[in-house]
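The values are calculated or read from the model by the stated rules, or taken from the named source; none is laboratory data. Being a predicted model, the structure only gives us computed values, none of them experimental. For neighbour counting, all protein chains shown are included, and Cβ atoms are generated from backbone atoms with ideal geometry for every residue, glycine included. Keep in mind that these areas ignore ligands, DNA and RNA; they rest on the heavy atoms of the full protein, side chains included. Shrake-Rupley method; radii C 1.70, N 1.55, O 1.52, S 1.80 Å.
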Amino acid sequence: MTRSDLEPPPFAFDTAELHYAADRPVRPTHVRIEVTLDFPSRSIAGRCTTTVKAVRDVRSLSFDAVELDVSAVTVDGRPADFDNDGKRLLVQLNRTLTEGHDATVAVTYRCTPRRGLYFVGPDHGYPKRRPQVWTQGQDEDSRAWFPCLDAPAQKATTEVIATFPKKMTALSNGNKVGDVVKGALRTVHHRLDVPHSPYLVTLVVAELDEHVAFAGKTKVRTLFPRGQKADALRCCGRTPQMLKVYEDLAGCAYPWGDYAQVFVSEFIFGGMENTGATTLTDAVLHDERAHLDYSAEPLISHELAHQWFGDWLTCRDWPHGWLNEGFATYCEVLWKEEADGIDEADHQRRADLAEYLDEAAERYTRPIVERKFDAPIELFDRHLYEKGAVVLHALRRWLGDADFKKAVRTYVKRHGGGAVETVDLARAVEDATGKNPDRFFDELVYRAGHVQLKVKLEHDAEAGRLDVRVKQTQGGEPYHLPLDVHLVTGGKTFEHVLELEKTEQVFHLPCARPPAQALVDPRRDLPGTVDVDKPAAWWRTELKLAFVARARTEAAAALGKDGSADSIEALGRALRDEKAFWGTRAACAKALGQTRTPAAKALLLGALAVRHPKARRAVVAALGTFRDDAAVAKALAALCKKGDPSCFVEAEAARALGRSRAADALPVLGAMLKRRSFADTVAIGALEGLAELSEPKAWPLVVGATRFGQAPFARRAAVTALAKLAEPAGKKREAVDLIGHLLEDPLYRVRLAAIDAARELGDDRLVGPLSSTPFFDGRERRNAREAVRALRAKQGSAKELAELRRDVDALKTETKALAEKLAARAVGAVKRARR
C-alpha cells in the first residue's frame, strides 16, 4: 500500500512556493477608471489614473496589468517611458519621487479580458440570454481589466466612469455622481470616498429593475433582471434586518453609505462582496414553489457580513483570508440564530463541519493560515470558509457570548478601514477579555487537521459516579479544549466542563444512579469529531427529551447504528412527530434507511406524507436504500409520476427511484427530464437517478442533456451522470471523448463539472486533455491538477495490484511445487520404511 492509499495527498503541489505580502514602496490614494464597453467585440477601451504617495524614494512604479494593450502612459501629465510584458507594467517616473510626495500615473489601454471583466450575452446555444457586463476581482483578477497595485492591503478611494448602450444601467462602488446620455450611449460615474481594496472594485452593466428599502438611514438597493422582483425579494427581503444584526455584532454602523446587491447571469461565484455593491448569481432567484424549502439567505447574509469582515477589515494578504471568509461564513450562522432560532443555527453549523470534514477526508488537510501554494485562489476552500466558521464558533464557546462580542468589537474598532492578520484578532481577544488565545490559535488555525474524540461512558453504581473515558485519536500532540457534559438524573440537569489536555483522560463525575441522559458536547461545539459509546437506552431517551435539537439529531444517528427493535420504534415515533425540529426528523429517516429492516421500511413508507418538505425529502432519500424492493419501487414511482409540492422532494424521489433499480424506472425518469423547475432541480434529480439506475438504455438521454444549449444546470448534472453511467453502458471510450470536449465548453461551471467527471470516470486517457487544456481560472487549474494526480495514483495502484497478483501467483506456484516435493519425499520415506 502506498501513502496515497492510506490518506489524502498534501495540499501543496511540488510547484508551490511560499508567499508573503510584497513590499509597498508606494501607497495608492486614489484610482480613477474610465472604460468604454464594446459589446460586439467584448472589449474595452480604458484610461486608469492612479495617484500614489511614496513611502520611500522611488524612480519607477510597477503595476499589475494582465493582457492590457497599453498605448500611452503619463506621469503628472507628462509622457513617460514604460515596459509592458503582459503581466506587469513598469513605469519610469523620469525623476525621483521622494518619501511623502505624490505622483499621478495615467495609463491608456485596450483589452479583451479573459478574466476580471466578463461579457455575457446571447449566442447560438442560448439566444435569449440578456447582454450584461460584470466584474469579479477576487483574488487577483482586477489587474485583467485595469492596471493596479493588486494586493488586498493597497486600499484607495475610487471612481469608475463607464460608457455603454443607453438602454442599460450601471452599478459600481459608492454614490452615482453622474449619468449622461449622448446619442446611443450612456456614461455613468460612480465615486467612493472611503479607501478600499482593488479586488473589491466593481462594475455591472445590464438592463435592471430596482427595489429600495431602508435599514435605519441606510438605503438598501436590490437590482434584478426585469420582471423578477418577487423572486429577488424572496432572496433579499430581510437584508435590512441582517444589516442591523451585523452592526450590533461589529459595534459600528455600516461604513459604506448605501448598500446595493445586484443579480447577474453566469456569475462564476455564488456572490462577491464588492464594497457597498455586492454581486450575486441570478441562479438563486427562485419562485414560490422552491421557497417552500429553499432560501438564499445564507448567501445574502454571507456577502453582507463581508462589508465589515473583508471590506472594512481586509486580510493583509491571502494566507490570512479566513479573516474574511471564516467570519462571513460564521455570520451566516449568527443571522440564522437571530432570525430562525438556535436549532436552525446548530443545523447550519453541522452542515459547515460536514463540508470541512469531507474535504479533509477526500482532498487534503492544511492549516487555515497557509503560505505555500501556486495561486491564492487555491486557498478559497472548505478550510478557509467552513473550518474558519467552526473555529470562530469554538472561540465563542471558549470565551462566552459576552466576551466574544466584546472581542469582535475591539477587533473592528482597532482595525476598521485597515488590513489585518490573524495575530490582530488574537491580540484583540486578549486585550478585550484578558484571556491569552495563543494556544487556541496555534492548535486550530496554524495546525492542519482537527480533534477526533472517542468517548466511552460507564456508570459505576458502587462508586456512585459516571466514568467518562476520553481518547484523542487524531495523532500528534493533543488538543486543549473544553468538553461539555450534561447529566440528567432525578429530573435535574448537572452541567460539567471537562478540560481536554492529554491523549487519554478519565473523568469521574458524581452520579448516584444511572443517568437518564448523558449528553456529551450536546450542541456539538467541538471543532472536530466526537464518537460516543454509551447504552442505547440513554440515546433513546435523548432522542425524545434532550434539551436541544442538535443532541436529538445525534441520538437519531446513533440509534441507526444500534438497529435494535426498540431503537427502530423510537426513530419511527420521532419521525412522525410533526412538532419536532425537521433536522432531527430527517436524521431519523436517514437512520431508519441505514438499518434496512422490514420494520424500518414500513415506518418510512408510512411517513411519505409528513408535512415538512425537508423531512419528507429525507424520508424519500432513505427509501432509496431499499434496492430491488417492489413495494418501495412502486411508492417511489407513484411519487415521481404524481409530483410533489416541493421540487426538491420530487427530485429526491427521482434519485431514490434510480437507486432502487426498479425495472420500470427508465421511462419514469426520462419523462421527468422535461419538467421545468427552479435551477432544473427536478431534471437534475432525474439525471442522477438515471446514473444510479446503471441501465445502458439511459445513455442517450444523459448524453443528450450535456449538449450545448440544453438547460444549463441540468447540463452540469448530466456531465457527472455520464461519468457514472459510462462503465455499465459500455461507453467509456465515448465518455472519454465527450468529457475531453466539455473541458473547453464556453460555460465555466460546465468545465468544472467536466473536470470532476474526468476524476469520477477514472480513465487515465483523460490525463492528457486535463493537462493540456488552457484553463484561465485558477479553480479550474487546481481541480484539473487534482484530477490528474488522482488518475495517476489510480493507475499506480492498479499497477501495484497487478504486481501483487503476480507475486501471489508466483507464491502459489512455489507453494504448489514445495507441496509436491514434500509429498514425494513422504512417499519415498514410506517406501523406505517398508523395506
On the formula 1/(1 + (r/R0)^6), with r taken between the Cβ atoms of Asp209 and His124 and R0 of 41 Å, the FRET efficiency rounded to 0.05 is 0.90
Among Val451, Leu509, Val548, the residue whose Cα sits farthest towards the positive end of the charge dipole of region 435-550 (+1 at Cβ of Lys and Arg, -1 at Cβ of Asp and Glu, taken about the Cα centre) is Val548
Other residues with Cβ under 15 Å from the Cβ of Asp777 give, with Lys and Arg +1 and Asp and Glu -1, a net charge of -4
So, relative contact order of region 92-183 in percent, Cα under 8 Å, 6 or more apart, is 18 percent
Check: C-alpha center region 317-373 vs C-alpha center region 623-687, spacing in Å is 32 Å
Computed curve, region 551-655, Cα-only Debye sum without solvent term, log₁₀ I(q)/I(0) at 0.18, 0.24 Å⁻¹, is -0.75, -1.28
So, with points 7 Å from each Cα along the Cβ direction, the Asn436-Asp76 label distance in nm works out to 5.2 nm
Using alpha carbon centers only, region 176-219 is separated from region 249-295 by a whole-angstrom value of 16 Å
Dipole check, region 550-696, charges on Cβ (K,R +1; D,E -1), about Cα centroid: among Ser677, Ala653, Ala622 the Cα furthest to the positive pole belongs to Ser677
Tilt, helix 342-362 to longest principal axis of the chain (alpha-carbon atoms), in degrees rounded to tens, equals 80 degrees
Magnitude of the Cβ-charge dipole (Lys and Arg +1, Asp and Glu -1) of region 615-685 about the Cα centre, nearest 20 debye, reported as 100 debye
In nm, the gap between the two label points placed 7 Å beyond Cα toward Cβ at Glu504 and Cys252 is 5.1 nm
In whole angstrom, the spacing between the Cα centers of region 724-758 and region 62-106 equals 45 Å
Rg (one decimal) and Dmax (whole number) from the Cα set of region 169-325, in Å, equal 15.6, 48
Here the convex hull volume per residue of region 390-462, taken over Cα atoms and given in Å³, is 131 Å³
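Which percent of the accessible area of the chain is formed by carbon and sulfur heavy atoms (probe 1.4 angstrom)?
Details: 18060 of 35850 Å².
In the chain, the share of accessible area belonging to carbon and sulfur is 50 percent.
How charged is the neighbourhood of Ile342? Take every other residue with its Cβ under 14 Å from the Cβ of Ile342, and add Lys/Arg as +1 and Asp/Glu as -1. Intermediate values should be presented prior to the final figure.
Details: positive: Lys336, Arg349, Arg350, Arg396, Arg397, Arg523, Arg524, Arg550, Arg552; negative: Glu337, Glu338, Asp340, Asp343, Glu344, Asp346, Asp401, Asp525.
Value of the local net charge: +1.
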In the neighbourhood of His496 defined by beta carbon distances under 12 Å, the net charge of the other residues (Lys, Arg +1; Asp, Glu -1) is -3
Asserting the computed 222 nm helical MRE of the chain (DSSP H runs at least 4 long, -39500 (n - 2.57) per run, divided by residue count, to nearest 500) equals -13500 deg cm²/dmol
Honestly region 276-410 on the Cα gyration tensor test (a ≥ b ≥ c root eigenvalues; a/c under 1.5 rounded, otherwise a/b vs b/c for prolate or oblate) is just rounded
For region 721-789, using Cα atoms only, the Rg and Dmax in Å read 11.0, 34
For region 47-199, the convex hull over Cα atoms projects on average to an area in nm² of 10.6 nm²
Output for region 183-265 (equivalent-ellipsoid semi-axes, sqrt of 5λ from the C-alpha gyration tensor, Å, descending) is 24, 19, 11
The chain accessible area per residue, 1.4 Å probe, protein heavy atoms, integer Å², reads 43 Å²
Here the relative contact order (percent) of the chain, from C-alpha pairs under 8 Å and at least 6 apart, is 7 percent
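Mind checking the dipole of region 188-234: about its Cα centre, +1 per Lys or Arg Cβ, -1 per Asp or Glu Cβ, Debye to the nearest 20? Intermediate results must be reported in sequence, preceding the final value.
Details: 7 positive and 5 negative charges, 36 e Å.
Using Cβ point charges on Lys, Arg, Asp and Glu, region 188-234 gives about 180 debye.
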Dividing the surface of the Cα convex hull of the chain by four yields a projected area in nm² of 45.7 nm²
Ranking Ala360, Val133, Gly563 by how far each Cα lies towards the positive end of the charge dipole of the chain (+1 on Lys and Arg Cβ, -1 on Asp and Glu Cβ), the top one is Gly563
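Can you tell me what share of the DSSP beta bridges in the chain is antiparallel? A percent to the nearest 5 is fine. List each step's numbers first, then the result.
Details: 106 of 131 bridges.
Among the beta bridges of the chain, antiparallel pairing accounts for roughly 80 percent.
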Across all Cα atoms of region 452-590, Rg and the largest Cα-Cα distance (Dmax), in Å, are 15.1, 45
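Between Gln474 and Thr36, what is 0.36 nm times their sequence separation minus the Cα-Cα distance? Round to one decimal in nm. Display every interim value, and only then the final one.
Details: separation 438, 0.36 × 438 = 157.68 nm, distance 5.64 nm.
Length difference between fully extended and current span is 152.0 nm.
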Magnitude of the Cβ-charge dipole (Lys and Arg +1, Asp and Glu -1) of region 162-240 about the Cα centre, nearest 20 debye, reported as 140 debye
Rounded to the angstrom and largest first, Cα extents along the principal axes for region 359-491 equal 61, 37, 24
Given pairs Lys53/Lys217; Lys155/Lys219; Lys641/Lys731; Lys387/Lys674; Lys387/Lys435 and cut-off 27 Å on Cα-Cα distance, the over-length ones are Lys53/Lys217; Lys641/Lys731; Lys387/Lys674
Dividing the surface of the Cα convex hull of region 116-208 by four yields a projected area in nm² of 6.7 nm²
In order over region 737-747: 3J(HN,Hα) from phi, Karplus 6.51/-1.76/1.60, θ = phi - 60°, whole Hz, x for each Gly or Pro, gives 5, 5, 5, x, 5, 6, 4, 10, 5, x, 8
